[in-house]
Structure formats: C-alpha cells, structure tokens
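In what follows, a structure is listed as structure tokens, so that the remarks can point back to it.
Bear in mind these aren't lab numbers, they're just calculated from the coordinates by the rules spelled out. Keep in mind it's a predicted model, so treat the numbers as computed, not measured. Reconstructed Cβ throughout: ideal geometry from the backbone, glycine too, with neighbour counts over all protein chains shown.
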Amino acid sequence: MRIALAADHAGYLLKDVLVRWLRELGHEVTDLGTNGPESVDYPIFGRTLADAVASDEAERGIAVCGSGIGIAIAVNRNPRCRCARVDDPLSAQLSREHNDANVLALGARLIGTDMAKACVTAFLDTSFAGGRHQRRVDQLSHELQDSD
C-alpha cells in the first residue's frame, strides 16, 4: 500500500518509528516531514498530507502531532480527506469500516508506540463496509442542504 506520513515537531519521533516499521512491512512509504524538533506549523504538514491523499499519490495517510487534534483539523479541510483522530484499535477499525477514513491522526504525546502500531494495523487492515454507510460518507464531501 502507498502510505504518506506527516508530523509536526511534537510528532516527528513517532512518525519516524512508523515510517521505518511500515517500510519493514513492505509498504511504499512517503515521509512528508517534519524531521526534527524545531518548531513548525502543523497546518502546513496537514495540508501537504491531505494533498498527497487527495491526489492519489498515497492511498492512505497518517498524521501525527502532539495531540493529533490540530493536524486532523488541518487534513479535514480538504474535502477528499476523511481524517479520524484515534487512540485505540477499535476506533481505527470503525473509522475505516463506517466512515471510509483515508487518513489516521495520532497524538504523539498521548499514545505509546505499541498502541500507535496497533491503531495503524487496524486502520490499514480494515475495509470500508459500504452499504448504509456509503450515503453518509458521500455527504461528508458535499455541503449538506437544509431540509427546510
């Protein structure tokens, strides 16, 4: 699978671990940075990751910042991205199964390496269920119309 990863200064160490691990598993991995502790702006890295996923350069994305929240918000500004911020494998699984999430966001200050790997595994191994969920996922990429 083609996977792109991006992080800010608070998430780059976890991102680096995940990049190495995913490559060992045989995935085609694109590291979009950042690659050091110097302060950077997570919206820039979130946008770069979103662009990679939206343009199909990557099939899935993984975003990491201190809490996972800011970078998830940045990624979700792209209407072709559905980024889910998770802390556990079940949430990662459901984000794929029910919401067809194509980007996973992790909080490096809140989650350990083993749990992060478990979340990524669930995210990558789960397919979208479609069916009744498809209508709702379609609505995520379009402005909702008032029912008045």
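Name the most mobile residue of Arg77, Arg96, Arg135, meaning the one with the largest mean-square fluctuation, in a Gaussian network model of the chain with Cα contacts below 10 Å.
Greatest mean-square fluctuation among the candidates belongs to Arg135.
Output wanted: per-residue J couplings in Hz (rounded whole) for region 93-101, from phi through Karplus 6.51 cos²θ - 1.76 cosθ + 1.60, θ = phi - 60°, x for Gly and Pro.
Taking θ as phi minus 60°, the curve returns 4, 5, 4, 7, 4, 9, 10, 6, 4 Hz for region 93-101.
How large is the helix-only mean residue ellipticity at 222 nm for the chain, computed as the sum of -39500 (n - 2.57) over DSSP H runs with n ≥ 4, divided by its residue count, in deg cm²/dmol to the nearest 500?
Helix-only estimate at 222 nm: -13000 deg cm²/dmol.
For region 1-61, compute Rg over Rh where Rg is the Cα radius of gyration and Rh is the Kirkwood radius from the inverse mean 1/r over Cα pairs.
0.97
Kindly provide the pair-distance distribution of region 2-140 built from C-alpha pairs, with 10 Å bins from 0 and whole-percent values in order of increasing distance.
Each 10 Å bin holds this share of Cα pairs: 14, 48, 32, 5, 0.
Amide H of Ile62: which non-local residues (sequence gap of 5 or more, or other chain) have their own amide H closer than 5 Å, using H built in the peptide plane?
Ala4, Leu5, Ala6, Leu104
Rank by packing, highest mean first: peptides 46-57, 98-109, with packing defined as the count of other Cβ atoms within 10 Å averaged across residues.
98-109, 46-57
Using θ = phi - 60° and the Karplus curve 6.51 cos²θ - 1.76 cosθ + 1.60, what whole-Hz ³J(HN,Hα) does each residue of region 31-47 get, with Gly and Pro shown as x?
Rounded to whole hertz, the list is 9, 8, x, 6, 10, x, x, 5, 4, 9, 9, 4, x, 5, 6, x, 5.
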